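*Asks:* Can you read through this structure? Questions will come right after.
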Amino acid sequence: MTTPLLSLQGLTKAYPGVVANDQVSFDIGEGEVHALLGENGAGKSTLVKMIYGLVKPDSGTMLLRGQPFAPPEPRAARADGIAMVFQHFSLFDALNVAENIALGMENPPPMGDLASRIREVSETYGLPLDPFRTVGDLSAGERQRVEIIRCLLQDPKLLIMDEPTSVLTPQEVEILFETLNKLRSEGTSILYISHKLEEIRTLCDHATILRLGKNVGECVPAETSARDMAEMMVGSTLQTPERGGREFGDVALDVSGLSVPSPSEFGTALRNVHMTVRKGEVLGIGGVAGNGQDELLGVLSGEIQTTADAIKFNGQPIGKLGPTARRKLGVLTAPEERLGHAAAPDMSLTENALLTGSVREGLESNGFLKWADTKNFAEKIIEAFDVRTPGPENAARSLSGGNLQKFVIGREVLQNPDVLVVNQPTWGVDAAAAASIRQAILDLAAKGTAVICISQDLDELMEISDSFAALNEGRLSAPRPTTGLTVDEIGLMMGGAHGMEVAHV
Amino acid sequence: MIVLEKRPQPSKAWSYATPLVAVVATMLFGGILFAILGKNPVEAIGTIFWEPLFGEFAFYYRPQLLVKGAPLVLIAIGLSLGFRAGIWNIGAEGQYIMGAIFGAGAGLAFYPLDAFYIFPIMVIAGAFGGWLWAMIPAFLKVRFGTNEILVSLMLVYVAEQMLASVSLGLLKNPEGFGFPGSRNLQAYDSAHNAELIAGSGMHWGVVTALIAVIFAYVLLNRHMLGFHIRLTGEAPRAAKFAGVNPARLILFCLGVSGALAGLAGMFEVSGPSGVVSIDFNVGYGFTAIIVAFLGRLHPVGILLAGGLMALTYIGGEIAQSQLGLPAAAIQVFQGMLLFFLLAFDLLTNYRIRAARSEVA
């Protein structure tokens, strides 16, 4: 057997109160794309930070090609051929590509030489990039290319990629995968961190699964179903949301001829939106981000007001009502941005429960707050939605993304809404939490709530919605029943009147 | 190298400890400053903090603490509501002046009538004057989106001109032999904000300040409006989502802080000062900003901070007269207090850790 490129043996790292990695061992072979899978908080980040020299392990050893390897800092790790593309880019918007890359180098060559090397690498690996473009003008995908090229210029033996596809369009993902395959064929190993299972199945040769800091299993992704991998990640059987045969009632929410300018300079105006949602129906609204999703949620929540008749709830015009009045009627919403919009980061969960729950849960009388009742409501949400937190007195920002999302959705669901509008309900949430959120939405619909689910995750929309519409530049396509809808038809709806215009790559 | 690491949530212990640590640090570095000026630092610090409370003439200085502390607390309570919501009223000094002019004007309009209702009318007029002056930046902000910091600040200078104008004209004492300044309200019983217990320093302004502290505490901790104020400061988008009307909040916060500053001015002019004069205002409106922050924008904290600030004022005056410390040194000393408070405040949200330097 050949020596693996990198061998981790019994790596352990504990932080106060939590063991981030507990005796983690696995090998990464030469020229292998190795996936590191795990829920949020499973210890993936800590593990790669140890490999990259950002964090020192408490115990355990690493062997690089059979030699002991313990990088005291990232510079040493880079010198040994390890490069990392972070999830969040560290680029200066005002500088151009070549300048940004030069900044990260120990001894940058003259700008002209560097630019030609950047061109060379970008052409070799199919990552078109002009070294003299200003980073501020680049798309997220192009920025990622800058980071990747920065790594490739070091000629790495092991490339670590942390959730690289979370910011990419499907076309950009395809290009990235081609690049990674080319790197693999040249013998570069890749450690690929993700929780998008389908991606891992197409790309990776081998997968290590972490749960609660422990290595709980390895598999060959191509031979393992996404469901099996998800269950290994979660440690329990994953439940596919159940949808009973539903009968729809009367129209609960009727939006007609809704046009509003965007409140922000960079937003998208909504143009002549029509839709109706019946009681018990789930309407899924798809579309690429930035096509009016935030504005649509704002209009439905009452943050943006319109003409009274544009939105009707049970026949009653509500377009001019504010958020509190709409909540009183039973129209509840859960925005996409958890910290800062759906919840106040520095306030406790109790206070955040009050944020939308005051009217329907009777948490105030004559303006005076009932803190005991509010705390009970917060505890009810925490318990019903399995929010992992020591208690309701903790600040919202101390929760992981998935847990806070469960709290935010749970807060609205438990108020028994007549209409619930959610935007990206499972964004950045691990598989188990996502499944429970979807189930909660379906249960609510089964009880007769009209649900609008705005999401960019088409699989999610196909799974839970009864009808589907797509937002495109602020226009909403006519809703159609989900059953029998083909991928091509969905693509056409998302492309709108402009036909199938492919996103610029 | 030292790195700052954000805490998962603000540290309770540090938020209480910072004011104390800041006071200790101020004493330390203030002591060094006094030593450089050639004074005995222990004696100077002792004079500032000990003399007014327990010294030989404490019977005189203790009432002065209430007289100086009350307007500071009253104004700072009002300011803190706005500051909590991210609404920055920097012009309390102007609202204080207008409160004094309106209050004194209302009282003097009745002169020499003797009636029980004159003082209550003056209270209302004083609050109205401050409120009116604060409504100018509030209205401009709501209607045109102007910056309330600049508008309220500039209105201080307008108010100062008004003060000079009425001292020399409208409210000038007709029996004052041509000197600027109004009649002395202390000599007009119906309008005099007299001490409630002689020699205690306790006047209606002190009572009002205490009521304001309780009112603010209940508002912030037990009332929806207070929750909305805090929410707006913490996360404006979440506040809008929760149904807060930002315009109404701006009008409320600026209105309350203006009215309280106006009350402070009215109680001052009808009591300790007695006279509307060109140099009536002594900067309470600005110092109250420091008091509000020193008290961590918390009502009880502001009460304590107002007391501490009054202490440094009076102690500073004693140090000036007894030890010959320059007035500027006392001001530097007070500035240090705010500086250290803000600096140590960092520790509630961050912790300091030693780390090796890294090249990213």
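Nothing in this text is a laboratory measurement; each read-out follows from the coordinates by a stated rule. Since we're looking at a predicted model, the values are computed, not measured. When we count neighbours, we look across all protein chains shown, and the Cβ atoms used for this are built from the backbone with ideal geometry, even at glycine.
*Asks:* Using helices alone, what [θ] at 222 nm do you get for the protein assembly as shown, with -39,500 (n - 2.57) per DSSP H run of 4 or more residues, divided over all residues and rounded to the nearest 500? Intermediate values should be presented prior to the final figure.
*Replies:* Working: 30 runs with 416 residues, N = 865.
It lands at -15500 deg cm²/dmol.
*Asks:* Considering only DSSP beta bridges whose two residues both sit in the protein assembly as shown, what percent are antiparallel, to the nearest 5?
*Replies:* Values: 44 of 81 bridges.
Here the antiparallel bridges make up roughly 55 percent for the protein assembly as shown.
*Asks:* Please report, to two decimal places, log10 I(q)/I(0) for segment A:251-498 at q = 0.09, 0.16, 0.17 Å⁻¹ as given by the Debye formula with identical point scatterers on the Cα atoms and no solvent.
*Replies:* Values returned for q = 0.09, 0.16, 0.17 Å⁻¹ are -0.36, -1.17, -1.31.
*Asks:* Shielding of A:319-329 by partners, i.e. mean partner chain Cβ atoms within 10 Å per residue? Don't jump to the answer; show the numbers that get you there.
*Replies:* Details: counts 0, 0, 1, 4, 6, 4, 1, 1, 2, 1, 0.
Taking all residues of A:319-329 together, the mean is 2.
*Asks:* In segment A:159-227, which GluC sites (Glu not before Pro) fall in coil by DSSP and have 16 or fewer other Cβ atoms within 10 Å?
*Replies:* Numbers: sites: A:E172, A:E174, A:E178, A:E186, A:E198, A:E199, A:E218, A:E223; in loops: A:E186.
Taking segment A:159-227 and a limit of 16 other Cβ atoms within 10 Å, the loop GluC sites (Glu not before Pro) found are A:E186.
*Asks:* P(r) tail for chain B, what percent of Cα pairs lie past 34 Å? Write down the numbers at each step before the final one.
*Replies:* Values: 20273 of 64620 pairs.
Roughly 31 percent, once rounded to a whole number.
*Asks:* May I ask you to derive the FRET efficiency for B:R62 and A:N107 from their Cβ-Cβ distance with R0 = 51 Å, giving the value to the nearest 0.05?
*Replies:* On the way: r = 70 Å, r/R0 = 1.37.
Approximately 0.15, to the nearest 0.05.
*Asks:* Further question: With just the Cα atoms defining each centre, how far is segment A:145-205 from segment A:402-467? Give it in Å.
*Replies:* Segment A:145-205 and segment A:402-467 have Cα centres spaced 31 Å from each other.
*Asks:* May I ask you to list the lysines whose Cα is less than 17 Å away from that of A:K279, ignoring any residue fewer than eight positions away on the same chain?
*Replies:* A:K312, A:K447
*Asks:* Another one. Mind checking the mean number of beta-carbon atoms from other chains within 10 Å of the Cβ atoms in A:338-345? Kindly include the intermediate steps, with their values, before the conclusion.
*Replies:* Numbers: counts 1, 3, 6, 7, 5, 3, 12, 4.
Across the residues of A:338-345, the mean count of other-chain Cβ atoms within 10 Å is 5.
*Asks:* How big is the C-alpha Rg of the protein assembly as shown next to the rule-of-thumb value 2.2 N^0.38 Å, as a ratio? Write down the numbers at each step before the final one.
*Replies:* On the way: Rg = 33.0 Å, N = 865, 2.2 N^0.38 = 28.7 Å.
Taking N as the residue count of the protein assembly as shown, the ratio is 1.15.
*Asks:* If we sort A:121-129, B:155-163 on the protection proxy, mean other Cβ atoms within 10 Å, highest first, what's the order? Write down the numbers at each step before the final one.
*Replies:* Values: A:121-129: 16.2, B:155-163: 18.0.
Final packing ranking: B:155-163, A:121-129.
*Asks:* Taking only C-alpha pairs under 8 Å that are 6+ residues apart, what is the relative contact order of segment B:71-303 in percent? Before the final figure, lay out the partial values.
*Replies:* Values: 460 pairs, mean separation 97.7, N = 233.
It comes to 42 percent, rounded to a whole number.
*Asks:* Could you state, as a whole-number percent, how many of the C-alpha pairs of chain A are farther apart than 44 Å? Walk me through the intermediate numbers first.
*Replies:* On the way: 26352 of 127260 pairs.
Roughly 21 percent, rounded to a whole number.
*Asks:* I'd like the trypsin sites (Lys or Arg not before Pro) in segment A:352-409 restricted to DSSP loop residues with at most 15 other Cβ atoms within 10 Å, sorted by number.
*Replies:* Details: sites: A:R360, A:K370, A:K375, A:K380, A:R388, A:R397, A:K406; in loops: A:R360, A:K370, A:R388.
Here the sparse-neighbourhood loop sites are A:R388.
*Asks:* Kyte-Doolittle cut-off 0.5, length cut-off 18 Å along the helix's own axis using Cα: show which whole DSSP H helices in chain B pass. Present the calculation step by step, with values, prior to reporting the outcome.
*Replies:* On the way: long enough: B:12-36 (37 Å, 1.55); B:58-84 (37 Å, 1.00); B:92-109 (25 Å, 0.90); B:118-144 (38 Å, 1.54); B:148-168 (30 Å, 1.60); B:204-222 (26 Å, 1.79); B:246-270 (36 Å, 1.45); B:299-323 (34 Å, 1.08); B:327-349 (35 Å, 1.60).
For chain B, where a helix must reach 18 Å along its axis and average at least 0.5, the hits are B:12-36, B:58-84, B:92-109, B:118-144, B:148-168, B:204-222, B:246-270, B:299-323, B:327-349.
*Asks:* Can you count the Lys pairs in chain B whose Cα atoms are under 28 Å apart, with each pair 8 or more apart or on different chains?
*Replies:* Numbers: B:K6/B:K240; B:K12/B:K240; B:K39/B:K68; B:K68/B:K172; B:K141/B:K240.
Within chain B, the lysine pair count is 5.
*Asks:* Something else about it: Just how far, in whole angstrom, is segment A:270-334 from segment B:307-355 if you go by their alpha carbon centroids?
*Replies:* Centre-to-centre (Cα) distance: 53 Å.
*Asks:* With each label point set 7 Å from Cα along the Cα-Cβ vector, what nm distance links B:R353 and A:E218?
*Replies:* 3.1
*Asks:* What whole-number value in cubic angstrom gives the convex hull volume per residue for the C-alpha atoms of segment A:343-486?
*Replies:* Numbers: hull volume 19.1 nm³, N = 144.
Dividing the Cα hull volume of segment A:343-486 by its residues yields 133 Å³.
*Asks:* If you rank B:I124, B:I75 by fewest surrounding Cβ atoms within 10 Å, what's the result?
*Replies:* Details: B:I124 17, B:I75 37.
So the residues, fewest neighbours to most, are B:I124, B:I75.
*Asks:* Right, another one. Determine the relative contact order of chain A: mean sequence separation of Cα pairs under 8 Å and six or more apart, normalised by residue count, in whole percent.
*Replies:* Details: 1017 pairs, mean separation 72.8, N = 505.
Contact order relative to length: 14 percent.
*Asks:* For an R0 of 60 angstrom, estimate the FRET efficiency from the Cβ-Cβ distance between A:A70 and A:A226 and round to the nearest 0.05.
*Replies:* Details: r = 36 Å, r/R0 = 0.60.
For A:A70 and A:A226, the calculated efficiency is 0.95.
*Asks:* Would you mind ranking A:S264, A:S436, A:S465 by Cβ crowding within 10 Å, fewest neighbours first?
*Replies:* Details: A:S264 10, A:S436 20, A:S465 27.
Arranged by neighbour count, lowest to highest, A:S264, A:S436, A:S465 become A:S264, A:S436, A:S465.
*Asks:* OK, next. Return the average number of partner chain Cβ atoms within 10 angstrom of each residue Cβ along peptide B:240-249. If you can, show how the numbers build up before the last one.
*Replies:* Working: counts 9, 17, 12, 15, 4, 3, 0, 0, 0, 0.
Average per residue, whole number: 6.
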